[in-house]
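Have a look at the structure below, then the notes.
The values are calculated or read from the model by the stated rules, or taken from the named source; none is laboratory data. Here the structure is a predicted model, which is why all the values come from computation and not from measurement. Counting neighbours? That spans all protein chains shown, and the Cβs are built from the backbone with ideal geometry, glycine included.
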Amino acid sequence: MSSTSKVFKYVNVLVLTLITLAICYTSLQSMRANAWYFNAKNTLQEITGNNIDIQQLNLADDAISLASSLDPTHPHYLQLMAHVKLLKLAVSTNQADDIAASYQQIEQLLLESVALRETWSETWIALAKVVSYQNGPTDRVYDYIQQAKLVGPYKIEVHLGAIEVALMNWQQISPKYKALYVNELKLAAKHGHKFSRAFEIAKQVDALPILCLSLKFGAHFEPVRNSWMFKKQCK
């Protein structure tokens, strides 16, 4: 075998070895990131009801931040990181400037997530809600809701997200938002017992009377009016 052939052989072996090592390293990083992702999810599942434990949230935040640092272009990790930071914000005692900065950070995480995966409706509706928390029912919020409806037209999370945006901004929403609200209310009512979450959302944003009044009229809402949840919440 000539010396040139030997050189080519050694080069090919070296290249294949480097490729194999790169694949192994990438796979290992992905496995580690996935483990931290599920660590964060499992930690969140331990938080029940309104008893949000800030220490548990900090653990979840640390876990998902580590997962994202290991795999920074994974849209699931970015979305969950935004969700955890939003939960932390709900129990935060920070100053207004810090809260505004946190909302902007959460918005950026969600924008990065949808840029990497445009077909997950939950991320679009989360983005709509976060922007509405900052700026109210703007056209951009409306567009995000429409995008969520486009990729997840039958998702209860999309219906409830649109309902939440409308209810928490009821005094300033435009006619197109009210039409959206009524339509999403009709669609959400088709989800049976899952519609009970609409009452919880309405209570959280101090708009239960508005929701109850909305449900008192129309054949679409008759099954809801006959349900235990309506009778319990809309006395």
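Among the candidates P137, P153, the residue that is in contact (Cβ under 8 Å) with a residue 40 or more places away in the chain and either aromatic (F, W, Y) or not assigned by TED's automatic domain parsing to the domain that holds L86 (or both) is uniquely P137. Taking each residue of region 66-89 that is assigned by TED's automatic domain parsing to the domain that holds Q45 and over 14 Å from A35 (Cα atoms) and looking for partners that are part of a loop (DSSP other than H, G, I, E, B) and not hydroxyl-bearing (S, T, Y) with beta-carbon atoms closer than 9 Å, six or more apart or interchain, yields P75/R117; P75/W120; L78/P72; Q79/R117; Q79/W120; L87/I47; L87/I52; K88/I52.
Are there any pairs with C-beta distances below 7 angstrom linking a residue in region 172-196 that is outside the structural domain of V141 (by TED's automatic domain parsing) to a residue that is of a type in the set (D, E, K, R), with the two at least 6 apart or on different chains, and if so which? Close Cβ pairs (under 7 Å, with a partner that is of a type in the set (D, E, K, R)) do not exist here. Kindly provide the set of residues from region 73-120 that are under 14 Å from V151 (Cβ atoms) and either acidic (D, E) or not in a helix (DSSP H, G or I) (or both), ordered by number. Passing the criteria: R117, E118, T119, W120.
Here is a yes/no grid of residues against (1) crowded, with 22+ Cβ neighbours inside 10 Å; (2) at pLDDT below 95; (3) under 13 Å from the mean Cα position of the chain (by Cα):
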residue	(1), (2), (3)
Q95	no, yes, no
S102	no, yes, no
A128	yes, no, yes
Q147	no, no, no
V158	yes, no, yes
E164	yes, no, no
P175	no, yes, no
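Only residues that are more than 15 Å from E107 (Cβ to Cβ) and in contact with a helix residue (DSSP H, G or I) (Cβ under 8 Å, 6 or more places away or on another chain) were counted across region 127-144, and they come to 2.
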